[in-house]
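Scroll down for the structure; my scribbles are underneath it.
The values are calculated or read from the model by the stated rules, or taken from the named source; none is laboratory data. Being a predicted model, the structure only gives us computed values, none of them experimental. Every residue, glycine as well, gets a Cβ built from its backbone with ideal geometry; the counts of neighbours run over all protein chains shown.
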């Protein structure tokens, strides 16, 4: 109850500040959009289906890109964590690559894949693959060794050992990495969409900029934040909660 | 044993009425009872087992030195020794979770390499899977073997009743007490119907009353199922309480120092003066090894760690 109250008070204050600054008219509305302007844009955008289409297109892309990342990242992470050679070579490279914003791949992606959806997907994968790989590697290392021993002892080997023992045993340790990978995938997607006529949210945002419609820019920004937050809050939170219940880890909230 | 059943401490959660004679799941007899073993061949044979490893400082250290040991089918063997003598490591070798430097582990006279479900280990930290329910844990080995679901479920029920946890099928591991977890671990090990149970200080982390109860349970399960048990402990009284025979290992390198046959009638009790007397004899021998281990610890400042998992990653 108290928590909900704090939540309401904080956002009411934030909104109040926005209204106040907008009403004071310190800056013209094309520099500092008003809440009503943003609301109208949101309403209109959903009404003429622009936003619905943009959301559907962007979500589809991020889902494809993120799935590829998770699959590849798990294989790579498993490789890195089970071979000292790979860890010392590939592992180091992956860590250093992490300092590169994935949008830097855009020029190369354009040359390799052409001006197409695949170029966007490539940037999304490059954005989240590293987090997933490093999380998987880290998870395998943090996972108590006894699970692997017990599994092998009970007759699990090869793929069965991975699928039934090592993967579920390391899940609590990789879930935060999966979450981070999702956040990177989402950011990379929006960045790439802003550079290309793509129908996605990124392009809708750039179009608003081109028309100097700052209310629409803020409206799309709100959409991007909301979607990222919903996936994080609904999918990953419930996954974490599920794991915490099963493992008996005390929940932080 | 039935005397103990009536004197259960009230706080211990026993889900099934402790009538140990009437066995509700008796229709499924464990498969390996009376499995014909070749006459004259021991169930488990260790021949000239040596294990050396490299310490962090780069020195080669001999952990186990020419261990020779024969364990008869159905025997309850206890291995005692000071910490660091390599008794747990020896169990890992028998389980095939780690490779010896030289020598052979023989089951029914045949050398084995790698893990096999004929030898199941029960760990001190139980090693149960927290992401699976109790029933799924117990059925795990059978699932790996590809046994059909219906039979698996029936056998899971049987073994959970055997350890008096029939009502906890759907619970998760963290919801159980330490003693219950070890009983699940025992059920999980038995469910794959191994010939040999390898127990690595399974009760060391439990409180005294729970341990007493589990001694009773283990003895009963052992006599009902006829399994061969190799039980590692640093607790001499526990070894005498349970074992037919006790093997004492020396401190670094681990060698077989002495074999004691325990001929006290069963069931034995930890407080029994006869147990105390035998314990006194063994402890006199053990004391010497413990002193050596303490001396080594003081002199070196740091105890070199025997790490049976050193190669875990590359072999997993």
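Determine whether residue B:170 is more than 20 Å from residue B:207 (Cβ to Cβ), touching a strand residue (DSSP E or B) at 6+ places or on another chain (Cβ under 6 Å) and not assigned by TED's automatic domain parsing to the domain that holds residue B:93. Yes; evaluated as a whole, the condition is true for this residue. Within the range A:208-225, one or more residues are over 21 Å from residue A:167 (Cβ atoms), surrounded by fewer than 12 Cβ atoms within 10 Å (Cβ to Cβ) and touching a residue at least 40 places away in the same chain (Cβ under 8 Å). Cβ-Cβ distances below 7 Å connect the following pairs, each with a first residue in the range A:29-55 that is under 18 Å from residue A:214 (Cβ atoms), a second residue that is at pLDDT below 85 and loosely packed, with under 12 Cβ neighbours inside 10 Å, and a separation of six or more residues or different chains: A:30/A:212.
Residues are listed down the side, and each one gets a yes or a no for (1) within 14 Å of chain A (Cβ to nearest Cβ); (2) modelled with pLDDT under 75; (3) loosely packed, with under 15 Cβ neighbours inside 10 Å:
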{"position": "B:253", "(1), (2), (3)": "no, no, no"}
{"position": "B:260", "(1), (2), (3)": "no, no, no"}
{"position": "B:268", "(1), (2), (3)": "no, no, no"}
{"position": "B:295", "(1), (2), (3)": "no, no, yes"}
{"position": "B:301", "(1), (2), (3)": "no, yes, yes"}
{"position": "B:310", "(1), (2), (3)": "yes, yes, yes"}
{"position": "B:313", "(1), (2), (3)": "yes, yes, no"}
{"position": "B:316", "(1), (2), (3)": "yes, yes, no"}
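The set of residues in the range A:115-169 that are under 16 Å from residue A:71 (Cβ atoms), within 14 Å of chain B (Cβ to nearest Cβ) and within 24 Å of the chain's Cα centre (by Cα) comprises A:136, A:137, A:139, A:167. So, in the range B:164-195, of the ones that are touching a residue at least 60 places away in the same chain (Cβ under 8 Å) and in a loop (DSSP other than H, G, I, E, B), which residue ends up farthest from the other protein chains (Cβ to nearest Cβ)? In this case the residue turns out to be B:164.
Of all the criteria given as (1) within 14 Å of chain B (Cβ to nearest Cβ); (2) crowded, with 20+ Cβ neighbours inside 10 Å, the one not satisfied by residue A:190 is (1).
Right, residue B:129: at the interface with chain A (Cβ under 9 Å from one of its Cβ atoms), crowded, with 21+ Cβ neighbours inside 10 Å and outside any loop (DSSP other than H, G, I, E, B) or not?
The answer is no for residue B:129.
Given the criteria at negative phi and part of a helix (DSSP H, G or I), does residue A:26 qualify? In short, no.
Listed here are the residues, each with its yes/no results for (1) surrounded by 19 or more Cβ atoms within 10 Å (Cβ to Cβ); (2) modelled with pLDDT under 85; (3) assigned to a helix (DSSP H, G or I).
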{"position": "B:124", "(1), (2), (3)": "yes, yes, no"}
{"position": "B:137", "(1), (2), (3)": "yes, no, yes"}
{"position": "B:158", "(1), (2), (3)": "yes, no, yes"}
{"position": "B:204", "(1), (2), (3)": "no, yes, no"}
{"position": "B:229", "(1), (2), (3)": "yes, no, no"}
{"position": "B:232", "(1), (2), (3)": "yes, no, no"}
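Kindly check whether there is at least one residue in the range A:232-243 that is out of contact with any helix residue (DSSP H, G or I) (no Cβ under 6 Å at 6 or more places or on another chain) and within 12 Å of another protein chain (Cβ to nearest Cβ). Yes, the range A:232-243 contains a residue that is out of contact with any helix residue (DSSP H, G or I) (no Cβ under 6 Å at 6 or more places or on another chain) and within 12 Å of another protein chain (Cβ to nearest Cβ).
Each row is one residue, and each column tells you yes or no for (1) crowded, with 16+ Cβ neighbours inside 10 Å; (2) more than 14 Å from chain B (Cβ to nearest Cβ); (3) farther than 18 Å from residue A:125 by Cβ.
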{"site": "A:7", "(1), (2), (3)": "no, yes, yes"}
{"site": "A:18", "(1), (2), (3)": "yes, yes, yes"}
{"site": "A:23", "(1), (2), (3)": "no, yes, yes"}
{"site": "A:26", "(1), (2), (3)": "no, yes, yes"}
{"site": "A:62", "(1), (2), (3)": "yes, yes, no"}
{"site": "A:89", "(1), (2), (3)": "no, yes, yes"}
{"site": "A:92", "(1), (2), (3)": "no, yes, yes"}
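When residues in the range B:142-156 are screened for being more than 13 Å from chain A (Cβ to nearest Cβ), in a helix (DSSP H, G or I) and surrounded by fewer than 20 Cβ atoms within 10 Å (Cβ to Cβ), 5 of them pass.
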